[in-house]
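*Asks:* Before we start, here is the structure in question, set down as structure tokens.
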Amino acid sequence: MTTSTNLPMDCQAADRPFEMLNGEQRDFPLVARPFALLSERYGLSIEEVMSCYCDWLDKGVMSRVGGVFHQAAGGASLLAAMAVPPHDLDRVADIVSQSPGVNHNYEREHVYNLWFVMTGQDAATVEAEMQALDAQTGYQALRLPMVRPYRIDLAFDLKEKAASHKPSNLSLQQVPAIAPADRALAALVEGGIAIVERPYDLWAKQLGWTSDQVCQKIQEWLATGVLRRFGNVVRHHELGFGCNAMTVFDVPQARVDEVGLALAQVPQVTLAYQRARAPGWNYNVYCMVHGTNREDVQAVIDQILHTLRLDDLPHAVLFSLRRFKQTGARRYRDAAHI
């Protein structure tokens, strides 16, 4: 048996390992022996299933089997951007990537060419880390905090040439914050399960819980929106989605929700949200499109601008050029037991 790490369009429906990689991006089994359940679901032995997962992790096709939390559930994060002269970019990017709070760090096509996400246990921690980076790099970063999410979902169909979702009725609901007593589990969920037959038993032992309590709490988080999803967190670049572009708009305040919700309904949009403006940066609504090549991504963006009649809004398209760092967010890494 071989596992699939080819481009999405090269993968056939009969490729059961790829079906499993693709299909378990959300709602991974919350049962005592999840890999045994997957072996039944995909017609593979449990040894084959676990071998696939180990192989995907080893090759970097997948970063973890774990959870993606709603940004309002706890901790803090911040999108930041620096305008770095090209000759100094590698040095600055290396400093930024070494910060333990940074989980994404990309070069993009713009005067503001270095974009990264800083995470931490609270806003004060994030700001302290940002001030340290400003001092270490010699450049002042834009701070672009999230104001309102409209769509955040990178669990898209890997068989397509461009990311595609079914349109959803996305609400602007509030989610509860994670209780202090549950933060240690949140840290484990961020880090991902071990590839063993009974992975939740390991978490239960660390926490002094039962495995049923672990699974029930994760189910509760999913039901209330605290967790956006729990499953395979894949690395899209390694699976052929080597191109992405962030389109930013300067939207009048009265139209922000209208535009944000409209963008969220476009199947090819993976991320859509409002962010705060910053001095010298007037854009406040963002959307992301991921694809296998630049032409397809640009075609989707052009269609979005035309169909939603956004051509008249000031906007910019920032294609990513280099990926310096990409890891899972660890907003709860300070929690006990971790």
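The values are calculated or read from the model by the stated rules, or taken from the named source; none is laboratory data. Here the structure is a predicted model, which is why all the values come from computation and not from measurement. Cβ placement follows ideal geometry from the backbone for every residue including glycine, while neighbour counts extend to all protein chains displayed. In case anyone asks, the SASA skips ligands and DNA or RNA and just uses the protein heavy atoms, side chains included. Shrake-Rupley method; radii C 1.70, N 1.55, O 1.52, S 1.80 Å.
*Asks:* Return the residues of segment 118-144 that are at pLDDT 95 or above, under 18 Å from ARG275 (Cβ atoms) and open to solvent by 20 Å² or more (accessible area, probe 1.4 Å); say none if nothing qualifies.
*Replies:* Listed by number, the residues that qualify are GLU127, GLN140, ARG143.
*Asks:* Let me ask another. Quick check, is ASP312 among the acidic types (Asp, Glu) and within 30 Å of ASP58 (Cα to Cα)? Steps first, please.
*Replies:* On the way: among the acidic types (Asp, Glu): yes; within 30 Å of ASP58 (Cα to Cα): no.
It is false that ASP312 is among the acidic types (Asp, Glu) and within 30 Å of ASP58 (Cα to Cα).
*Asks:* Give segment 223-238 a look and list any residue that's in contact (Cβ under 8 Å) with a residue 40 or more places away in the chain and either under 30 Å from ASN293 (Cβ atoms) or surrounded by fewer than 19 Cβ atoms within 10 Å (Cβ to Cβ) (or both), or say none.
*Replies:* So in segment 223-238, the residues in contact (Cβ under 8 Å) with a residue 40 or more places away in the chain come out as 224-238.
THR224, GLY225, ARG228, ARG229, GLY231, ASN232, VAL233, VAL234, ARG235, HIS236, HIS237, GLU238 - these are the residues of segment 223-238 that are in contact (Cβ under 8 Å) with a residue 40 or more places away in the chain and either under 30 Å from ASN293 (Cβ atoms) or surrounded by fewer than 19 Cβ atoms within 10 Å (Cβ to Cβ) (or both).
*Asks:* Select from segment 192-228 the residues that are assigned to a helix (DSSP H, G or I) and farther than 27 Å from ASP58 by Cβ and list them in ascending order. First the steps, then the outcome.
*Replies:* Initial filter on segment 192-228 (assigned to a helix (DSSP H, G or I)): 199-207, 211-224.
The answer is LEU207, ASP212, GLN213, GLN216, LYS217, GLN219, GLU220, TRP221, LEU222, ALA223, THR224.
*Asks:* Now for a separate question. Go through segment 102-155 and give me each residue that's part of a loop (DSSP other than H, G, I, E, B), touching an Asp or Glu at 6+ places or on another chain (Cβ under 8 Å) and under 26 Å from GLN268 (Cβ atoms). If you could, list the steps in order and put the result at the bottom.
*Replies:* Just the residues of segment 102-155 that are part of a loop (DSSP other than H, G, I, E, B), to begin with: 109-113, 121-122, 138-141, 145, 153-155.
Add one more test, that the residue is touching an Asp or Glu at 6+ places or on another chain (Cβ under 8 Å), and what stays is 113, 121, 140-141.
The answer is ASN113, and nothing else.
*Asks:* Take the conditions touching a Ser or Thr at 6+ places or on another chain (Cβ under 7 Å), surrounded by 16 or more Cβ atoms within 10 Å (Cβ to Cβ) and either polar (S, T, N, Q) or in a strand (DSSP E or B) (or both) and apply them to SER51. Does it pass?
*Replies:* Spelling it out, it is not the case that SER51 is touching a Ser or Thr at 6+ places or on another chain (Cβ under 7 Å), surrounded by 16 or more Cβ atoms within 10 Å (Cβ to Cβ) and either polar (S, T, N, Q) or in a strand (DSSP E or B) (or both).
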